[in-house]
Each structure stands twice: as C-alpha cells, then as structure tokens.
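Have a look at the structure below before the remarks.
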Amino acid sequence: MSDFITVSVTATKGSVPRDAGATMRVWADRQDGTIGGGALEFEATHIARRMLAGGERKKQRTMPLGPDLGQCCGGAVTLDFSHDAVALEPTEAPLWIWGAGHVGRAIAGVLAPLNDRHITLIDTAANRMPDTLPTNVSPLVANDPVRAVAHAPQDGDHLILTYSHDIDLALCDALLRHGFGSVGLIGSATKWARFQSRLASMGHCGKLIARIACPIGDPSLGKHPQAIAVSVAATLILASADITTDTKAGERTG
C-alpha cells in the first residue's frame, strides 16, 4: 500500500462541519473519507500532500472557519496530520457483501468512506468484480461462495445479494449454521416466505430464521441500487449506534 496522510479532527470549537473523531486519508493521487468538505478539506488535503512530498510525518493545525478560509461556520477545528503506510484500524464489525452486482457495489461504495469497518466483497468470478475498489474493501473470488462462509467472522454482518436464488438460499443455510452478527437478504416478501419454508425444512428453528432481515432497504425509496445502498447503509449505521449506546449504558451501570 502506498503512503498516505491520515487527517483527524481532534478538537472543535463553536460551529463546525464535523465533530472530533472524523478522519480522511490523503494519498498523492487520491483521498477517501471526509472532515467536512469545502475549503477546510481542500486546505487540509493541500497540507497533507505537501507533507507527503517533503517527507514530514507529524503536524497539527488549528484552523478558524471564517472568511479567511472561505467558510462561514464561525468555529474552529484542530487537525492532526499523521504519515501512515497502513490502513486505519476498523472499529465496527466486518461486513461481508455476497454479490458484486450493482447493489453490492453500491453498498460497498456508500459504506467504504466511513472507514469504520472492513468490507469483503464476494462473487463467483474475477470478471464480476469492479476494476477498482476503495482501500478498505477486499475482493474475494469464490467459485463456490458457500465454502467461503467457513472463513467469515462469526460476529460479522452479512448482506446476501447474489445473482442466484439457489446461492442465496445456500448462503442463508450456511450462515445460520456458522453464526453471524446480522444477515440481510435482498428480495421480495414472496421470496422470503419461500426461503423461510425451505430453511425450516433444512432443520433451522423459526427464532433463528427470523434473525435474517428480508427484504432489505426501504421500499419507499425505490429499487435503484443507490437508493437501496443508502437505506441499507443507514440501517447498519443506526444498528451500530444502538450497540455503542447500549455498551456505554452497561459500562455506567456495571
């Protein structure tokens, strides 16, 4: 992996576009993540690329968000710039996306810039994968995807979006036997009713089958891949926020 600068918001004062903890990564030829966009991000990117060119490893800048920077927030942010050659450590459960079609690619594209979880995109052939992927998305080509389930993390989140109902069903069966944090399955209510009956006949109990979410996404947003991706991403983000809130509450009362 080529070297990059991690830009982190470490402190804020007043009105600012992003809170402390927001990060982005800047390479010589690209960037991902965001610290708020606009002139602030443009200037931070410029600083980061000067550091890469000059071999600097650490820097901190406090930047007022006023007329001089061309932003009207009125607050100030403190940015840490750190030279790295490894990816940021994910903080959320890994996400495995089974199917690199339009919806799978869209979901990976929406979630990847958050930089808080590693994403694995799985499909049955290399030519089904996109030509380029974000830094924290890894391709996994598996002629038989079901066999890859054995290598999946048992606390991971999974989205099943393949081109085949037979593969979808086999993956549901395999993940129910393997263990998972969450599973979402693309499809209609009719497809899910059929799958529930088939999974029950395979020996799975109703309570376990009910842990699979189907359909995924908000139907009111439509069936465009990007619309599904935004809705599914929001569901995963809200679920992660609920887990974090519950954990903190437990720490306070424990």
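The values are calculated or read from the model by the stated rules, or taken from the named source; none is laboratory data. Note that the structure is predicted; figures quoted are calculated from it, not measured. Cβ sites come from the backbone with ideal geometry, for glycine too, and all protein chains shown count toward neighbours. Each accessible area value is taken on the protein alone, full model and side chains, heavy atoms only, with ligands, DNA and RNA left out. Shrake-Rupley method; radii C 1.70, N 1.55, O 1.52, S 1.80 Å.
The trypsin sites (Lys or Arg not before Pro) of region 121-195 include none that meets both conditions, a loop assignment by DSSP and at most 11 other Cβ atoms within 10 Å of the site Cβ.
Summarising the label geometry, the points placed 7 Å from Cα in the beta-carbon direction at ARG57 and THR10 lie 1.5 nm from one another. Over the chain, Cα pairs under 8 Å with separation of 6+ residues give a relative contact order of 14 percent. Taking Cα atoms only, the orientation of helix 38-54 departs from the longest principal axis of the chain by about 80 degrees.
Expressed in units of 2.2 N^0.38 Å, where N is the residue count, the Cα radius of gyration of the chain is 1.16.
So what's the back-of-envelope 222 nm ellipticity for the chain, counting only DSSP H runs of four-plus at -39500 (n - 2.57) apiece and dividing by all residues, rounded to 500?
Working: 7 runs with 91 residues, N = 254.
Helix-only estimate at 222 nm: -11500 deg cm²/dmol.
Of the residues GLN31, ALA106, THR190, the one whose Cα sits farthest toward the positive end of the charge dipole of the chain, with +1 on the Cβ of Lys and Arg and -1 on the Cβ of Asp and Glu, is THR190. Normalised by residue count, region 97-204 yields a Cα convex hull volume of 98 Å³ per residue.
Surface composition of the chain: carbon plus sulfur atoms hold 54% of the accessible area, using a 1.4 angstrom probe and ignoring ligands, DNA and RNA. Global dimensions of region 187-226 from alpha-carbon coordinates: Rg and Dmax equal 12.2, 36 Å. Between THR78, THR190, THR23, the Gaussian network model of the chain with springs among Cα atoms under 10 angstrom shows the greatest mean-square fluctuation at THR190.
Normalised per residue, the accessible area of the chain is 52 Å², obtained with a 1.4 Å probe and no contribution from ligands, DNA or RNA. Between 0 and 90 degrees, the angle of helix 225-253 with respect to the longest Cα principal axis of the chain falls at about 80 degrees.
Compared with the dominant principal axis of the Cα atoms in the chain, helix 189-201 is inclined by about 60°.
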